[in-house]
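Okay, so here's the structure we're looking at.
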Amino acid sequence: MKHPPGALVVVDLQQDYFRAPSLSRLRPRLVQRVRRAAEAARAAGAPVIEVRTENARHPSTWALNMREDGQPVALAGSDGAAPLPELDLRPDHVVVKTRDSAYHHTTLGLVLDSHHNDAYALCGVTTESCIAATATDGYAHDHRVSILVDCVASDVPAQLEPTLERLSRLYRQEGVRADRVQFRPPQARPTPVTDCRGATLHTGLPPTDRLEDEPCAPT
């Protein structure tokens, strides 16, 4: 690989996102491959970062289409927001988001920076929305993103390949199979992740009744 990843970022492998029949059918195979990728990352000493969507019970964090349709997903504390139980990811960090991009008002960039890491492998669902948005923002943050092409899926299968092609063509984001990815260890010891108030952020499993990554108010 041209830019070996120093972390694995896993997006939205949660109950609500696998209610669609097209994704439900792929669930066993996808989980198996992501678990193998996580094992490969750990074997190399690279951190596993799990990104979860978690919306408040009130519409304040809902995306526009959720508000318009009155159909939020992954509500905090609900079964739908829970990770797939068979995944058993045991992540090194959990990042909570409320929009497609895993960078939007979250600590993902800070977590990666704490490991002095500018390259990572990305997997999860869905390819044309959350994966594409995260990969695009990763490019904007000068992060080298590799897409694990057999560890992503779409509830609109026809959009999967065009999305991967666009990310490769526009942002030079390499597509690689999970059994071919070569992780590298962190370049230095991780430094504590702090928020704008100087407090060390919690990087274990977040409580299910609140959001961990609410941004600080502008100064």
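Out of curiosity, is residue 46 small (Gly, Ala, Ser), modelled with pLDDT of 95 or more and surrounded by 18 or more Cβ atoms within 10 Å (Cβ to Cβ)? Here the answer is yes, as residue 46 does meet what is asked.
Each row is one residue, and each column tells you yes or no for (1) out of contact with any strand residue (DSSP E or B) (no Cβ under 7 Å at 6 or more places or on another chain); (2) at pLDDT 95 or above; (3) exposed (fewer than 14 other Cβ atoms within 10 Å of the Cβ); (4) of a type outside the set (Asp, Glu).
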residue	(1), (2), (3), (4)
166	yes, yes, no, yes
192	no, no, yes, yes
201	no, no, no, yes
213	no, no, no, no
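Check whether at least one residue in the range 62-71 is surrounded by fewer than 12 Cβ atoms within 10 Å (Cβ to Cβ), of a type outside the set (A, V, I, L, M, F, W, C), modelled with pLDDT of 95 or more and more than 21 Å from residue 104 (Cβ to Cβ), and report yes or no. Within the range 62-71 (the criterion being surrounded by fewer than 12 Cβ atoms within 10 Å (Cβ to Cβ), of a type outside the set (A, V, I, L, M, F, W, C), modelled with pLDDT of 95 or more and more than 21 Å from residue 104 (Cβ to Cβ)), the answer is no, since none of the residues qualifies.
The condition (being surrounded by 19 or more Cβ atoms within 10 Å (Cβ to Cβ), in contact with a His (Cβ under 9 Å, 6 or more places away or on another chain) and modelled with pLDDT of 95 or more) is satisfied by just one residue among 41, 7: 7. Looking across the range 109-131 at every residue that is among the small types (Gly, Ala, Ser) and surrounded by fewer than 24 Cβ atoms within 10 Å (Cβ to Cβ), the one that is farthest from the chain's Cα centre (by Cα) is identified as 114.
Just checking, does the range 60-83 include any residue being closer than 12 Å to residue 11 by Cβ, touching a Pro at 6+ places or on another chain (Cβ under 6 Å) and not β-branched (Val, Ile, Thr)? No: zero hits. Hey, any hits in the range 141-152 for a residue that's touching a strand residue (DSSP E or B) at 6+ places or on another chain (Cβ under 9 Å), aliphatic (A, V, I, L, M), modelled with pLDDT under 95 and not in a helix (DSSP H, G or I)? No, the range 141-152 contains no residue that is touching a strand residue (DSSP E or B) at 6+ places or on another chain (Cβ under 9 Å), aliphatic (A, V, I, L, M), modelled with pLDDT under 95 and not in a helix (DSSP H, G or I). Would a scan of the range 54-62 turn up a residue that is among the β-branched types (Val, Ile, Thr) and over 15 Å from the mean Cα position of the chain (by Cα)? The answer is yes, given that some residue of the range 54-62 is among the β-branched types (Val, Ile, Thr) and over 15 Å from the mean Cα position of the chain (by Cα). A single entry from 76, 56 fulfils the requirement of being more than 23 Å from residue 163 (Cβ to Cβ) and either touching a Ser or Thr at 6+ places or on another chain (Cβ under 7 Å) or crowded, with 21+ Cβ neighbours inside 10 Å (or both): 76.
The values are calculated or read from the model by the stated rules, or taken from the named source; none is laboratory data. Just so you know, these numbers come straight off a predicted model, no measurement behind them. No Cβ is skipped: glycine too gets one built from the backbone with ideal geometry, and neighbour counts run over all protein chains shown.
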